[in-house]
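The block underneath contains the structure these notes are about, expressed in structure tokens.
Taken together, the values in this text are just the output of simple stated rules run on the coordinates, not laboratory data. Values in this document were obtained by computation on a predicted structure and should not be read as measured data. No Cβ is skipped: glycine too gets one built from the backbone with ideal geometry, and neighbour counts run over all protein chains shown.
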């Protein structure tokens with residue numbers, strides 16, 4: 001089984017190095033999408049690890065803006081052009097880590113070739129009760145000019161609510177950014193966004209598209225029948241707010257008991273011991 005990992009990152013190259021070494025094997029390649037705002041020089045040594053590439057089509061990433069999604073599409077496009085025929089392409093962040101033995105992770109995927117592992121909630125679920133404003137209102141998050149939020153407020157006061165440009169049922173959720181998909185599914189996504197300029201333009205004025213656009217595209221395609229509604233991640237939202245909990249050594253038992261293979265998020269500036277502890281069970 002051959003895999004490609006897209007690592008969406010903006011900080012801590014040593015933590016990314018640790019993540020790469022955790023997943024590293026001869027069949028795998030790693031593609032790092034580094035926020036274009038970040039100087040790449042502190043990260044460039046990672047290529048010396050072997051089978052590590054930096055995505056050339058880097059984009060600026062603003063939290064909640066279209067940049068994350070655009071970076072993912074650019075990464076998938078560059079991977080597909082290499083024609084390496086990956087069985088799976090896994091989109092992860094630089095703050096993720098494996099919480100189960102590496103052999104069991106790869107064995108699980110090998111037993112599920114052809115499936116796509118994404119996460120979504122249907123419209124009507126609790127998440128959508130507030131997330132719908134990401135779609136039906138205009139957002140200037142993707143732009144950096146002064147006064148953009150004042151303009152955003154004014155536009156939303158005078159213009160009618162927005163609608164997704166295609167007659168699609170919407171899918172998404174707070175854990176939907178990270179996924180493991182097949183190369184044919186990735187190709188469909190890249191071809192779709194290239195052919196549907198209205199969808200891309202619409203998304204540039206939406207908020208948090210990384211949590212709904214890709215699941216929506218996949219679930220309104222023939223790939224729907226290959227989807228497992230599980231992105232294999234353990235994420236703890238118990239602290240409230242818009243960001244998940246940063247795991248520490250106190251979370252070791254919860255992570256160990258989880259039936260997921262991956263977790264986020266971790267921060268070496270907060271606690272490195274938790275990753276050391278996970279390594280003791282992940283040999």
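Values as computed for the structure displayed
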quantity: Proxy reagent accessibility, fewest Cβ within 10 Å first, across 75, 129; calculated: 129, 75
quantity: Rounded, prolate or oblate (a/c below 1.5 giving rounded, otherwise prolate when a/b exceeds b/c) for region 1-119 by Cα gyration tensor; calculated: prolate
quantity: Computed over the chain: relative contact order in percent, which uses C-alpha pairs under 8 Å that are six or more apart; calculated: 23
quantity: Mean Cα-pair separation over length for region 156-273, i.e. relative contact order, pairs under 8 Å, 6 or more apart, %; calculated: 25
quantity: Region 26-87: relative contact order in percent, alpha carbon pairs under 8 Å with at least 6 residues between; calculated: 33
quantity: Exposure proxy ranking, count of Cβ atoms within 10 Å, fewest first, for 171, 143; calculated: 143, 171
quantity: Least to most buried among 98, 19 (fewest other Cβ within 10 Å first); calculated: 98, 19
quantity: Cα gyration tensor category, rounded, prolate or oblate, for region 137-277 with a/c compared to 1.5; calculated: oblate
quantity: Whether region 209-267 is rounded, prolate or oblate, judged on the alpha carbon gyration tensor where a/c under 1.5 counts as rounded; calculated: oblate
quantity: Bridge type composition, the chain - antiparallel percent by DSSP, nearest 5; calculated: 25
